[in-house]
Amino acid sequence: MIKKIPLNKVKNLLDDLSGDYKVFAPVKNGRSIIFDEYRSDKEVNLEKFSVTSIKEALFPSHEAMIKYDYKKDPSDLSKTSLSLKSEVNFDKTVIFGVHPCDARGFFTFDKVYAGNGYRDVYYKTKRDATAIVAITCANPLATCFCTTVGGSPADSEGTDVLLTKVDEFYYAESYSEKGELLLKNSNFSSPQGGVDNEQVLKIKEEAVQKLDKNFSTEGIENKLLKIFSDSDYWKNATSKCLSCGICTYVCPTCYCFNITDEGVMGRGERIRSWDSCMFPLFTLEASGHNPRARKFERYRNRINHKFSYLVIRNNIIGCVGCGRCIRHCPVSLDIREVVKGVID
Amino acid sequence: MDRLDILKEKVKEILPEVDFVIGYSKGFDILHPSPYFVSEERQIRNLIWDEFCINNFANYLPPPKRVPNGLFKQDEKIGLVVKGCDSRSIIQLLQEEIIFRDTFIILGMPCEMKIDLKKLREKIDIDYIQSFNVSGDKAEVKTLLEKKTINLDEILYDKCLYCKYPNPLIYDYLIGDKVNPRSREGFYKDVDEFEMISNEEKISCWEKEFDRCIRCYACREACPNCYCQYQCIAQTRRPHWISQSTETIDKKFFQMFRAFHNAGRCTDCGECDRVCPVGIPISKIMKKLTKEVLRLFNYEAGVDEKLIPPLMTYKREEDNIG
Amino acid sequence: MSDIQKDIQNNDSNIKIIAFLCNWCSYGGADTAGTSRLKQPSEVRIIRIPCTGRVNPLFPMKAFIDGADGVLISGCHPNDCHYIEGNFYARRRLEVLKYFIDFMGIEKERFDYQWVSASEGQRWQQLIIDFVERIKKLGPIGKCET
Amino acid sequence: MRIGFFICHCGSNIAGTVDVVQVAEYVSKLPNVVHSVHLMYTCSQPGQKEIVDAIKEKRLTRIVIAACSPKMHEVTFRRAIERTGLNPYLFEMANIREHCSWIHDDRELATQKAIELVEMTIAKVARHESLFSNKVDVNKKVLIIGGGIAGIQAALDMADGGFEVVLVEREPTIGGKMAQLDNTFPTIDCSSCILTPKMVDAGQHEKIKLITYAEIESVSGYVGNFEVKVHKKPPYVNYEKCIGCGICERKCPAKAPNRFNLGIGEGKAIYIPFPQAVPKVATITKEHCIYFKSLAEGKLNRCKICQKVCHVSAVDFEIKDEYINEKVGAIITAVGFDLFNHSVYQEYGGGRYPDVISSLQYERLLSASGPTEGKIKRPSDGKEPETVVFISCVGSRDDSVGRPYCSGICCMYMAKQAILTKDHLPESKTFIFYIDIRAGSKAYEEFVKRAQVEAGAQYIRGRVAKIYPENGGLIVRGVDTLLGQQVEVMADLVVLANGVISSRGSNELAQKLRIPYDQYGFLSEGHPKLKPVETNTAGIFLAGACQGPKDIPSSVAQGSATAGKVQGLLSKDQLETSPLVALVECSRCIGCFKCLKVCPYNAIERITLKDGSLVASVIPTVCQGCGLCVATCPSASITLKGFTDDQLIAEVEALCR
């Protein structure tokens, strides 16, 4: 199905949708644009690149897995019963205005949390209830490299609706039933009288042209394994890294988490919160031993995880080329340079 | 000879003495120079020096006593490019005996100014930057989409606009001529103004700011004074100071105690603020503390190596505590 | 009815105040007030600590974050510290803290530190009456909710 | 974890205000609590037995007792718990009496507060760990500060018990105020006759090291191991050589006020305080000495007559300040008192009338070894007075001069002085203006009667409004409140009963010793009833009037009492140190050593771990448990046992829940 919507009706659309769905969109927060739950008093910005990725919608920075409560048996004080409550979120959700690379990010999550092996109920439930509306990325940034890792700025894979901006309209193409349902909203009109499929195609092609292929991912998983023990390479490549968690937290595919119990006096929550393999605590063992105590080991793991382990195990590159980790890195550490160095 | 050429020559001169020298090289665009570790002579030509070279390399100085993070080996000797503001961080760390003077060589860079990308972004869409040229007190900025002339004073870091110490206070070699300091008058203007607003406004302001914090700890990792590394109480489970949740209140509490750990130690280098991916004005919090420390103890951190940080000492009769 | 009794009776608010008291002076001062049956409003909860120097400024911060409406720290008078100089360090830290929390949206009036010796039961009583009144005027602490 | 909770009724002290049944009921629902009961008196024998039995029967591993202040009975309960074999530190008290039931009237609010205080304590106790003491060697020497009767008594008792004593006295001689007295109440026995033998004993005892004309410079260390620096002021006479012959004093041309006689009569720049002084040595007062005065003025007058006449070459103008370091295991503070300075009383002449004198000056007039050789001569003209008026409560029981307390001894010494006046001058008349007569001790009331009946002292109840000179005498105008009329007495001599105040410099000393003092400057005992001679600082004790006004019998009793306490302390070879000390978790220490820099006791050292990293470590026997290092450590790598971060956080969280 193909429809169109004038730019000035997008807000109406979002207000409509937020009646039926939980809507996530890139909203302005302070000076930054982040993905957050949409409310009509929030300013949506579909032009810029958001700092955070949309993974927050399906993989919140923290979520309660269970609520626990210890209760005493009044007849025998030494007996205690434990009540556990687990709430899984079934809210119908629309993620609106993502870049195609972000939408692809969930493929990695799907493999890990909703694949053939383990099924993570918290993620999977939300994923199934979610529709994604992406926007063709007409002006990629200097840090973008989606085409290098198999994506495209006009990629429709993983989206339910793809919007492409042409003059004062977004042209909307649906790619699934969920998408078609969304396009039934009255703010969309049928494309007659001005639809120019050619024009949309041209915009998409131009966007692709704007991006260089930085390196070839052919056989990269084995190249990485081969260079694994070349500590000097990794040390040199990562000496400026600060071990902060920005790259992993803004990354649309990083899915690691930490589990902690947060409670007072026998009552509380078991939460999971984002964790970052860049933190030394990430692999610290109870004995005090840390297999990845040094930052080059941690960074090496991050690269290997994305470009080797996931490829070997799940046949997917765990990087969508959104470039956030480069853009927001405090020391402008460039993942492309590091991977290129491996290939060379 | 311009400062960069002198620097390159000096790096070449000291390179045999050290394992490497930390300077700046080009990053993914002209606005984002990146720390550059020079260990071979051929790398020297990649060094750059411009109004975007901002990182505080004091952060890379090794804590030689305990190195769980394994940044450097204890026996490594390094050289590093140090601006006036960065030199205060080094003095602070020396004062705390966290680093030792004989393990590094300071190439002191007198510094005219640095451009605050957050301010620049308000003026022009820097995602598509093409060129940036300074002439006099203005800058010609060109992006893919537009071209603008911007007054430099509008886009400098606050710390540069009121820079009292543009020349390093401690160095082994001074690279080029010293530059004139600016007046400190007005440095605390934003803090003063914030103090005047109502408490409700303060609460709602911080609530909005910390709402978007992603708890990535970049502020901490970029801070030269935050050297607790993985013992930071933000993540330790015992003592359980703080929940691992990303509720706004927890994120605010984290920043409050990180700030307070820096009371009397912070040199207003602004790295925490700069690195924050979601633009939380952390330096305003830090400036509040430096302002109070100045008022109460007449003390500026990182200026005199011989002094004791004010919260590590006391007077029987305090001058400004009644 | 005396003013003190009136203050105590007017006690319907839901204010929570946490006081950290040094074991050697102020905790004893509060004991002295109790032994002398010096009536006080009931909002204050006392946590015993060895010395005001033990007070990591994070404790009052944490108390406010957790929802305390007021925090009071009290120890030996300057020069009288049981541990020589703990209260001198505390004085500096807590003074900075007072202005800092105000900046972060916790009115500085919600926080106080005072010196009360073990013999100053009456002083303790008056301090509590005044502090509780002050906090009641401010009302419950402004919550920072997401 | 199995927590047992016991709440105390304390008769009606707690249960009268707090619903203890409701608290016990509530607490039984808290996590880990397996036993929750209320008891009438937890501290009593049956109460303790119930606790002990419950620990055994219910296999309790943590104990919380909600009762009085832990300062009252923490030790009692620890001992009881220890008897069961449970570690005594797995225990915590909730103070619901002093901090709750006694200060509130509203039962509901007090009960709610008690519940919260108990919850807080339960949260804390759950994070307790078993703690064990360390042992530290004891230095078996005692320092006694102050050589008055209390100090002398303590010194002799200690020395007789076989312990080494260092006795430090600020004046050139020991003896204190008692040495200045003529006779003592209520027996009218000669003060010096009973004191000087003790002074001589103290001076000659082989176990007592006497350091006079010296003050305490600094004190460090802790019970069992104090290090004291004594500042010996230069007397310009070598005390070792001086034989106390007194020829220097006789020949000295420089007149000076007589200090021992409180300015009555003349003294010399070089002087021996009094004939029975111990040590009997001469001392030069620099400010009156002709040589030193001329030296200060830049002139050259080499008087030095004393040096020339001294047979033993003891006079030495080159003596400098000397600092003596002593290591002791305990310290007894017996620094005595001073008299209230009556010059603030303008109505009594503000010190302007020579014949209005202080009681202690009068003692010197009465004393056979005083300036008048025991003849009562009034200072203005040396005439024997016919009418002597005594005024009580000068600087006592008077809020207007900040002295609301009773000095305790004045009523008695006024009676004594009235009796002695009659003895010396049988024709004289004495009047005593008083507020109340306080004579509450053995044979005291009878003694006052004796003054009234035998000595004919006329007691007038009322305050004196004004004293003014007239016709060479003094008119004392006051009111007799019993008769309700004005009275005027023409007096030849007025003696003021100056109140007792804390000894000058005693507060500075208290700061050095880290012991508290009250608002009047008297040093504070550990507990007004149960620890009258201990202080809150382990190893430091109080004797005599430095703790509050006291007469001689009480001061002597306290001197002996401290000696008993200290002997008990020093009879052990090793002391158990408190386990409530700091501990560095070395695997977490980041090696910033901020802790080391702030530690007041130098209790933190640097140690090297196996991996070569340098970290901080606490010396547990030196640590006093103040927790300053814990609050300073940025990475929370130091814990203070018994007051860990986790425990305090748990308390805060429990309260804020």
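The values are calculated or read from the model by the stated rules, or taken from the named source; none is laboratory data. Quantities reported herein were computed from a predicted structural model and do not represent experimental measurements. With ideal geometry, Cβ positions are generated from the backbone for all residues, glycine too; neighbour counts draw on all protein chains shown. Just the protein is used for accessible areas: all its heavy atoms, side chains included, with ligands, DNA and RNA removed. Shrake-Rupley method; radii C 1.70, N 1.55, O 1.52, S 1.80 Å.
Summed over region D:510-549, residues that are under 18 Å from C:Cys25 (Cβ atoms) and not hydroxyl-bearing (Ser, Thr, Tyr) total 23. Just one of the numbered conditions (1) open to solvent by 10 Å² or more (accessible area, probe 1.4 Å); (2) at pLDDT 95 or above is not true of C:Glu85: (2).
Checked against (1) open to solvent by less than 20 Å² (accessible area, probe 1.4 Å); (2) closer than 27 Å to C:Ile18 by Cα; (3) free of Cβ contacts under 8 Å to residues at least 12 places away in the same chain; (4) away from chain C (no Cβ under 11 Å), D:Ile103 passes all but a single condition, namely (4).
The rows are residues; the columns are (1) touching a strand residue (DSSP E or B) at 6+ places or on another chain (Cβ under 7 Å); (2) more than 12 Å from chain A (Cβ to nearest Cβ); (3) touching a residue at least 40 places away in the same chain (Cβ under 8 Å); (4) open to solvent by less than 30 Å² (accessible area, probe 1.4 Å).
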| position | (1), (2), (3), (4) |
| --- | --- |
| B:Leu94 | no, yes, yes, yes |
| B:Asp102 | no, yes, no, no |
| B:Leu107 | yes, yes, yes, yes |
| B:Met113 | yes, yes, yes, no |
| B:Lys118 | no, no, yes, no |
| B:Ile129 | yes, no, yes, yes |
| B:Val134 | no, yes, yes, no |
| B:Asp137 | yes, yes, no, no |
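For A:Phe307, are the conditions met, namely being crowded, with 22+ Cβ neighbours inside 10 Å and out of contact with any His (no Cβ under 8 Å at 6 or more places or on another chain)? Taking the combined requirement at face value, the residue satisfies it.
Taking region B:172-222 as the range and being in contact with a helix residue (DSSP H, G or I) (Cβ under 7 Å, 6 or more places away or on another chain), β-branched (Val, Ile, Thr) and facing another protein chain (nearest Cβ under 7 Å) as the test, only B:Ile214 passes. Checked against (1) away from chain C (no Cβ under 13 Å); (2) open to solvent by 20 Å² or more (accessible area, probe 1.4 Å); (3) not in a strand (DSSP E or B), D:Glu74 passes all but condition (1). All conditions in (1) of a type outside the set (Ser, Thr, Tyr); (2) surrounded by fewer than 20 Cβ atoms within 10 Å (Cβ to Cβ); (3) in contact (Cβ under 8 Å) with a residue 60 or more places away in the chain; (4) assigned to a helix (DSSP H, G or I) hold for D:Leu509, with the sole exception of (2). Just name the residue that is farthest from the other protein chains (Cβ to nearest Cβ) out of those in region D:21-51 that are under 44 Å from the mean Cα position of the chain (by Cα), outside any helix (DSSP H, G or I) and of a type outside the set (S, T, N, Q). That would be D:Met40.
Regarding region A:141-155, can at least one residue be identified that is more than 15 Å from A:Gly321 (Cβ to Cβ) and modelled with pLDDT under 95? Looking for residues that are more than 15 Å from A:Gly321 (Cβ to Cβ) and modelled with pLDDT under 95, one finds none in region A:141-155, hence no. Looking at this structure, is D:Tyr413 assigned by TED's automatic domain parsing to the domain that holds D:Val479 and outside any loop (DSSP other than H, G, I, E, B)? It is true that D:Tyr413 is assigned by TED's automatic domain parsing to the domain that holds D:Val479 and outside any loop (DSSP other than H, G, I, E, B). Taking helices (runs of 4 or more DSSP H) as the structural unit, those lying wholly within region B:234-322 and holding at least 1 residues that are more than 26 Å from B:Cys163 (Cβ to Cβ) correspond to B:248-261. Just one of (1) open to solvent by 20 Å² or more (accessible area, probe 1.4 Å); (2) not in a strand (DSSP E or B) fails for D:Cys589. It is (1). Filtering region A:9-39 to residues that are farther than 30 Å from A:Cys254 by Cα and free of Cβ contacts under 8 Å to residues at least 60 places away in the same chain leaves A:Lys11, A:Asp15, A:Gly19. Restricting attention to region C:51-85, the residues that are in a helix (DSSP H, G or I), at the interface with chain D (Cβ under 8 Å from one of its Cβ atoms) and free of Cβ contacts under 8 Å to residues at least 40 places away in the same chain add up to 5. If the condition is being closer than 22 Å to A:Thr52 by Cβ and either in a loop (DSSP other than H, G, I, E, B) or at pLDDT 95 or above (or both), then region A:261-287 contributes A:Ile271, A:Arg272, A:Ser273, A:Trp274, A:Asp275, A:Ser276, A:Cys277, A:Met278, A:Phe279. Just one of the listed residues (D:Gly265, D:Gly336, D:Gly374, D:Gly350) is on the phi > 0 side of the Ramachandran plot, surrounded by fewer than 16 Cβ atoms within 10 Å (Cβ to Cβ) and in contact (Cβ under 8 Å) with a residue 24 or more places away in the chain, and it is D:Gly374. Residue selection: D:Leu609 fails the criterion of being under 23 Å from A:His289 (Cβ atoms) and either at the interface with chain C (Cβ under 10 Å from one of its Cβ atoms) or open to solvent by 50 Å² or more (accessible area, probe 1.4 Å) (or both). From the set of residues in region D:623-646 that are in a helix (DSSP H, G or I) and surrounded by fewer than 24 Cβ atoms within 10 Å (Cβ to Cβ), which is farthest from the other protein chains (Cβ to nearest Cβ)? Selected residue: D:Thr632.
A count restricted to region D:184-233 and to residues that are surrounded by 19 or more Cβ atoms within 10 Å (Cβ to Cβ) and part of a loop (DSSP other than H, G, I, E, B) stands at 6.
Has region D:278-294 got any residue that is open to solvent by 40 Å² or more (accessible area, probe 1.4 Å) and in a strand (DSSP E or B)? For region D:278-294, residues open to solvent by 40 Å² or more (accessible area, probe 1.4 Å) and in a strand (DSSP E or B): absent. Exactly one residue among A:Tyr255, A:Tyr233, A:Tyr249 is crowded, with 20+ Cβ neighbours inside 10 Å, aromatic (Phe, Trp, Tyr), outside any loop (DSSP other than H, G, I, E, B) and out of contact with any His (no Cβ under 8 Å at 6 or more places or on another chain), and that residue is A:Tyr249.
Condition first: in a helix (DSSP H, G or I), farther than 30 Å from D:Ala538 by Cβ, open to solvent by less than 10 Å² (accessible area, probe 1.4 Å) and more than 8 Å from chain D (Cβ to nearest Cβ). Can you find one or more residues in region C:105-117 that meet it? Yes, there is a match, as at least one residue in region C:105-117 is in a helix (DSSP H, G or I), farther than 30 Å from D:Ala538 by Cβ, open to solvent by less than 10 Å² (accessible area, probe 1.4 Å) and more than 8 Å from chain D (Cβ to nearest Cβ). Scan region C:118-146 for residues that are open to solvent by 20 Å² or more (accessible area, probe 1.4 Å), assigned to a loop (DSSP other than H, G, I, E, B) and facing another protein chain (nearest Cβ under 10 Å) and the total you get is 7.
Once region B:4-61 is narrowed to residues that are assigned to a helix (DSSP H, G or I), of a type in the set (A, V, I, L, M, F, W, C) and within 14 Å of another protein chain (Cβ to nearest Cβ), the residue that is surrounded by the most Cβ atoms within 10 Å (Cβ to Cβ) is B:Ala58. Considering only region D:234-250, state which residues are touching a strand residue (DSSP E or B) at 6+ places or on another chain (Cβ under 9 Å) and either under 25 Å from D:Ser359 (Cα atoms) or assigned to a helix (DSSP H, G or I) (or both). Of everything in region D:234-250, those that are touching a strand residue (DSSP E or B) at 6+ places or on another chain (Cβ under 9 Å) and either under 25 Å from D:Ser359 (Cα atoms) or assigned to a helix (DSSP H, G or I) (or both) turn out to be D:Cys248, D:Glu249, D:Arg250.
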